[in-house]
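Take a look at the structure below.
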């Protein structure tokens, strides 16, 4: 599913939408993709970091890849008190 969504995003130009509009339209997809990547951490263990870097690198457009990366960072942060 995530790959299909990424394929759909590749044809879009971020400049045709405002950043806010792009973010709003794709935030749920970015969160889902980040969760999918994060869930592989336990499976891949030591190989996860290289794998996830390659996965994020392959995402397009770059604005979407950045959203996924930020969401992935958020998932890795320890929860506050």
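The values are calculated or read from the model by the stated rules, or taken from the named source; none is laboratory data. None of these values were measured; they are calculated from a predicted model. Cβ sites come from the backbone with ideal geometry, for glycine too, and all protein chains shown count toward neighbours.
The figures follow:
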item	result
Pairs where the first residue, in region 9-32, is at positive phi and the second is at pLDDT 90 or above and surrounded by 11 or more Cβ atoms within 10 Å (Cβ to Cβ), C-beta under 8 Å, 6+ apart	none
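Rundown of residues vs (1) at pLDDT below 95; (2) in a helix (DSSP H, G or I); (3) under 10 Å from the mean Cα position of the chain (by Cα); (4) within 29 Å of residue 20 (Cβ to Cβ), yes/no style:
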residue	(1), (2), (3), (4)
40	no, yes, no, no
43	no, yes, no, no
49	no, yes, no, no
56	no, yes, yes, yes
64	no, yes, yes, yes
67	no, yes, yes, yes
70	no, yes, yes, yes
74	no, yes, no, yes
81	yes, no, no, no
